[in-house]
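Student: I have a structure I would like to understand better, so I am pasting it below and will then ask my questions one at a time.
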Amino acid sequence: MADSITVLAPGLLTTLQDAGRYGYQASGFSPAGAMDYPAMRTANLLVGNSPDMPVLEMTLAGLSCEFNCDCVFAMTGARMDAKLNGRPCKRYRTQRAAEGDVLTVGSALLGCRGYLAIGGGFDVSPVMGSCATSLKFGLGGFDGKKLSAGDVLKLQTPGVPYRKRTAKVPWHLRKDRSYFGDIHIRCVLGPQEEAFTAEGLRTFLSAPYKVTPASDRMGIKLEGAQIEAKDGYDIISDGIAMGCVQVPASGMPIVMMADRQTTGGYTKIATVITPDLHHLAQLKPGDTVTFHAVSADEARKLYRAYIQKLRKEEYDFLRF
């Protein structure tokens, strides 16, 4: 029991995730990994970990756990009502826990997915180069499954020194945000945009779409105005990247996410740019989204700026 945490209540869906499992999609294995990659990185940096170490990803409702040793931890992502021994516990800052302390994380008040990192990291073995949990294949993470009450997660080196660190909460997850409309998501049209009518493309780029309860780590399923195709929605199966927007026969878009299949036979009207994927990851059922097209050149510029921002955050923490 030493150097570990014990899960008292697992929440709706709590899994161990890291940056993902890459290099095996040709064999049919999806990358998995954290849905909100920047939130995962920030949680690790707050506790002095390498940015891509595994963390706990909590969906819609958080877990309750007991610390079996002294350690430091941090929570990022969705605004969840968290308490340590009954006292409020803030996100985006380093926290201390003593042996026997109990952390209770409630439902998501804003956003969908929260992240918990512990200084020193979790003691789990990588599978095909990653510790990410793939529920579809039952591999990685904690025995390839979501956490259950009574699970004991071993820690690597929890006795890291406490250093007070804070990070800025992203605008779309701030308690005081005044923007309550839909989230605007940027995308590059294609690779099968020619399969849709001009009216279908206008619909996709103007109509608001609502997130349905059928959304999960595999894809964000949306409902709204039907997207019109020229000659049906089926194609010969080809590869699927994270952020691809598939349109099946219903005419309703589905944005493919971390646990997506590696190939698919539905037309793909667009692909969401990488810097906006974490916004999608934090949408809950009932939230709305609208899509806006950018050119491939603009997408590359936005991606370079996104990577520079991540590197600057890492540099700032290492310099501290």
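Student: What are the residue pairs meeting all of these: first residue in the range 247-275, first residue basic (Lys, Arg), second residue part of a strand (DSSP E or B), Cβ atoms under 7 Å, and 6 or more apart or on different chains?
Tutor: These pairs meet every condition: Arg260/Gly219; Lys268/Cys244; Lys268/Val245; Lys268/Gln246.
Student: Pairs needed: first member in the range 189-201, touching a residue at least 12 places away in the same chain (Cβ under 8 Å); second member anywhere, surrounded by fewer than 17 Cβ atoms within 10 Å (Cβ to Cβ) and in a helix (DSSP H, G or I); C-beta distance under 9 Å; at least 6 residues apart or different chains.
Tutor: Partner pairs satisfying both residue conditions: Gly190/Ala296; Leu201/Glu193.
Student: Is it fair to say Met35 is closer than 22 Å to Lys154 by Cβ and either assigned to a strand (DSSP E or B) or not aromatic (Phe, Trp, Tyr) (or both)?
Tutor: no
Student: When only residues in the range 38-83 that are farther than 20 Å from Lys154 by Cα and charged (D, E, K, R) count, which is nearest to the chain's Cα centre (by Cα)?
Tutor: Arg41
Student: Which number in (1) more than 30 Å from Leu46 (Cα to Cα); (2) within 26 Å of the chain's Cα centre (by Cα); (3) not in a loop (DSSP other than H, G, I, E, B) marks the one condition that Pro191 misses?
Tutor: (3)
Student: If Asp70 satisfies all but one of (1) farther than 21 Å from Arg260 by Cα; (2) crowded, with 19+ Cβ neighbours inside 10 Å, what's the number of the condition it fails?
Tutor: (2)
Student: Could you tell me which numbered condition Thr15 fails, if it satisfies all but one of (1) crowded, with 24+ Cβ neighbours inside 10 Å; (2) within 22 Å of Thr94 (Cβ to Cβ)?
Tutor: (2)
Student: Which is part of a helix (DSSP H, G or I), surrounded by 13 or more Cβ atoms within 10 Å (Cβ to Cβ) and modelled with pLDDT of 95 or more, of Arg186, Arg202?
Tutor: Checking each option against the conditions leaves just Arg202.
The values are calculated or read from the model by the stated rules, or taken from the named source; none is laboratory data. Since the structure is predicted, the reported quantities are computational estimates derived from the model, not experimental observations. Counting neighbours? That spans all protein chains shown, and the Cβs are built from the backbone with ideal geometry, glycine included.
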